[in-house]
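Structure, as structure tokens:
Please treat every number below as a calculation from the coordinates, not as lab data. Predicted model only: the values in this text are computed from it and were never measured. No Cβ is skipped: glycine too gets one built from the backbone with ideal geometry, and neighbour counts run over all protein chains shown.
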Amino acid sequence: MSERVTQILVLMRAMIVEFKDVDPISERRNRATHLLAEEWGIKPATILDKYTRQLGINARKFDDLLMRLFEKKDSELLERLRQYGDNKDQVAINEFERELFPAPEVKLAPSILSADFARLGEQVAEATRAGADYIHVDVMDGHFVPNITIGAPVVAAIRSYTNLPLDVHLMIETPEHQIDQFADAGADIITVHIEACSHIHRVVQKIKELGVKAGVSLNPGTPLDTLNEVLPSLDLVLVMTVNPGFGGQTFIEGMLDKIVHLRAELDKKGLAAELEVDGGINAEVAPKVVQAGGRVLVAGAAVFQSGQTVADALAKIRASLG
Ligand code: DX5
Ligand code: ZN
């Protein structure tokens, strides 16, 4: 965190001192970027890319952040920069860091795939009491993925064990044939795989017409730009960080970059779709996923097969996010 703050403070210092009277803020940012580029002997574009990527925000958000900071009096800012530079007042520095990078709201969605199916209702209730935000339900058909799991009757059966949104992840071929049943069973979010739909636009519309939130999921091998045309209509995008079909697999680190790009795309276009990440998430991986831009974390094995209680397992993931 300190590394990121140091970078932004170097830029802000330049902005305050050299370009105090320049408007608008984006122009002030441009000039400061050029100044630093000259000083550091690198290209301005490299600097902006470095900030936006490492800060996990896009240029517009960066400007918003600076605008917020510039609403404060310059003298107050300079005093806080000085404290930071002197590295004396750690409490003030921590507070400043929190102000610069407020923690995003993160939802946890335990996946019942790894729960004890013989007492599924109880396990759903347990996850609910433990502070889960969604209950993630993995539906597999033995075609799209090798396994077969559960269908709409099971969704209807667990509906009475929780008031949380049921987040139904359909890993099935031609999901359009099943959507009505899952909506009737009480699904709040229905996510289909883009690889399983020839007419993804129609499928998304159908989910929404049923009054259910619509999500689209991408396998690890599917590029982000396949989403372009439907992204504005989506309530949720689910990035798979394992190849779907089984619980308890290892998180694919290379997917972090995909999450970063999707986060940037959603922010750039001002889209509100939730960015959910699914596969291999535990307390070690969770902070990286959030740093990359994930906001709903699915976890199966780490919640239901960790050797701890569901409450302790969820608390451990929550605590890892700081
Ligand atoms: C994988 C499923 C996941 C799975 C996640 O095909 O979509 O939701 O349950 O389980 P873990 O967290 O164990 O990888
Ligand atoms: Zn899932």
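Condition (residue is surrounded by fewer than 16 Cβ atoms within 10 Å (Cβ to Cβ) and closer than 21 Å to Gly280 by Cα) applied to the stretch 198-220: is it met by at least one residue? Yes; the residues of the stretch 198-220 include at least one that is surrounded by fewer than 16 Cβ atoms within 10 Å (Cβ to Cβ) and closer than 21 Å to Gly280 by Cα. Reported count of residues in the stretch 276-296, each being more than 9 Å from ligand 1 (Cβ to nearest atom) and crowded, with 20+ Cβ neighbours inside 10 Å, is 10.
Give the residue, chosen from Gly280, Gly245, Gly270, that is within 16 Å of ligand 2 (Cβ to nearest atom) and under 20 Å from the mean Cα position of the chain (by Cα). Exactly one residue qualifies, and that residue is Gly280.
Among the residues of the stretch 170-224, those that are within 16 Å of ligand 2 (Cβ to nearest atom), in a loop (DSSP other than H, G, I, E, B), under 20 Å from Glu274 (Cα atoms) and of a type outside the set (Ser, Thr, Tyr) comprise Ala187, Asp188, Asn219, Pro220. Among the residues examined, Val260 does not qualify as more than 14 Å from ligand 1 (Cβ to nearest atom), in a helix (DSSP H, G or I) and under 23 Å from Ile135 (Cβ atoms). Taken over the stretch 306-322, residues that are closer than 16 Å to Phe251 by Cα and surrounded by fewer than 18 Cβ atoms within 10 Å (Cβ to Cβ) amount to 0. So is Val303 touching a residue at least 12 places away in the same chain (Cβ under 8 Å), on the phi < 0 side of the Ramachandran plot, within 16 Å of ligand 2 (Cβ to nearest atom) and buried (at least 24 other Cβ atoms within 10 Å of the Cβ) or not? So Val303 passes the test. Condition test on Asp116, is it closer than 20 Å to Val204 by Cα and either within 16 Å of ligand 2 (Cβ to nearest atom) or in contact (Cβ under 8 Å) with a residue 24 or more places away in the chain (or both)? No; evaluated as a whole, the condition is false for this residue.
Being within 18 Å of Leu218 (Cβ to Cβ), out of contact with any Cys (no Cβ under 7 Å at 6 or more places or on another chain) and charged (D, E, K, R) is not true of Asp312. Residues that are in a loop (DSSP other than H, G, I, E, B), among the aliphatic types (A, V, I, L, M) and either under 14 Å from the mean Cα position of the chain (by Cα) or away from ligand 2 (no atom under 12 Å from the Cβ) (or both) within the stretch 228-242 comprise Val230, Leu234, listed in sequence order.
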